[in-house]
Amino acid sequence: MNAGDEGYLEGQFLIAMPTIGDRRFERTVIYMCAHSASGAMGLVINRLAENITFPDLLGQLGIESTGDRHEIRVHFGGPVEKSRGLVLHTADFTQNATMIVGANVALTASMDMLRAVAEGEGPRQGLLALGYAGWAPGQLEHEIRANGWLHTAADDQILFDADIGSKWDRAASKIGFDVAMLSGEAGHA
């Protein structure tokens, strides 16, 4: 990736290699929300936050729920700003604070979005995350060259599917081979 490839991974999946060497990201799939010469940001889509439910979160924020939204699970979005709530969702519902990421995917970090979801309104599909994964300028590119990550086109079925346990395997299979069989060693011809 060159500096001229701004946004290169935006809207794609990052798939952690088996040898990533960082327990926070073992077997994770990250949906890339932003990627430019200024750095990168994404959300882990296959790990739940520990010890918090959506009703608990709403209670902590003083938001009353009028809809039956107890099925919404709170995800661990990444280790940066772990108390910050972000909603990754279909672009059929947007607000002023919404950032369009892909053709059908948007990101909103506002109390108004949480209220809309709590009231049974909001986007057709979504994923609520606390925290995010972030990289300084050039850091992600370095980690990719060091065989920490693979990337592939995102897939809405994997992105919003409730089957969290199989997301890493399904995302890896989009590449066309078994990631578990890969070596962490890089070779040069």
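Could you please rank 54, 76, placing first whichever residue has the fewest other Cβ atoms within 10 Å of its Cβ?
In increasing order of surrounding Cβ atoms, one gets 54, 76.
How much length would be gained if the chain were fully extended between residue 139 and residue 50, taking 0.36 nm per residue of separation minus their Cα-Cα distance, in nm to one decimal?
Going from the current span to full extension adds 29.3 nm.
Springs between alpha-carbon pairs under 10 angstrom, Gaussian network model over the chain: which of 45, 175, 20 fluctuates most?
175
Expressed in nm to one decimal, what extension gain is obtained for the pair residue 110 and residue 164 from 0.36 nm per residue of sequence separation less their Cα-Cα distance?
So the chain would gain 17.0 nm between residue 110 and residue 164.
Please compute one quarter of the surface area of the Cα convex hull for the stretch 68-168 and express it in square nanometres.
The Cα convex hull of the stretch 68-168, projected and averaged over all directions, gives 7.4 nm².
How much of the calculated P(r) for the chain lies past 21 Å, in percent of all Cα pairs?
50 percent
Okay, helix-only estimate at 222 nm for the chain: each DSSP H run of n ≥ 4 adds -39500 (n - 2.57), divide by all residues, round to 500 deg cm²/dmol; what do you get?
-4500 deg cm²/dmol
Considering Cα pairs under 8 angstrom that are at least six residues apart, work out the relative contact order of the chain and quote it in whole percent.
It comes to 28 percent, rounded to a whole number.
Going by how many other beta carbons lie within 10 Å of each one, how would you line up 142, 89, fewest first?
Fewest to most other Cβ atoms nearby, the residues stand as 142, 89.
Values in this text are rule-based calculations from the coordinates and carry no lab data. Owing to the predicted nature of the structure, the values given are computational and were not obtained by experimental measurement. Cβ coordinates were reconstructed from backbone atoms using ideal geometry, including for glycine residues, and neighbour counts include every protein chain displayed.
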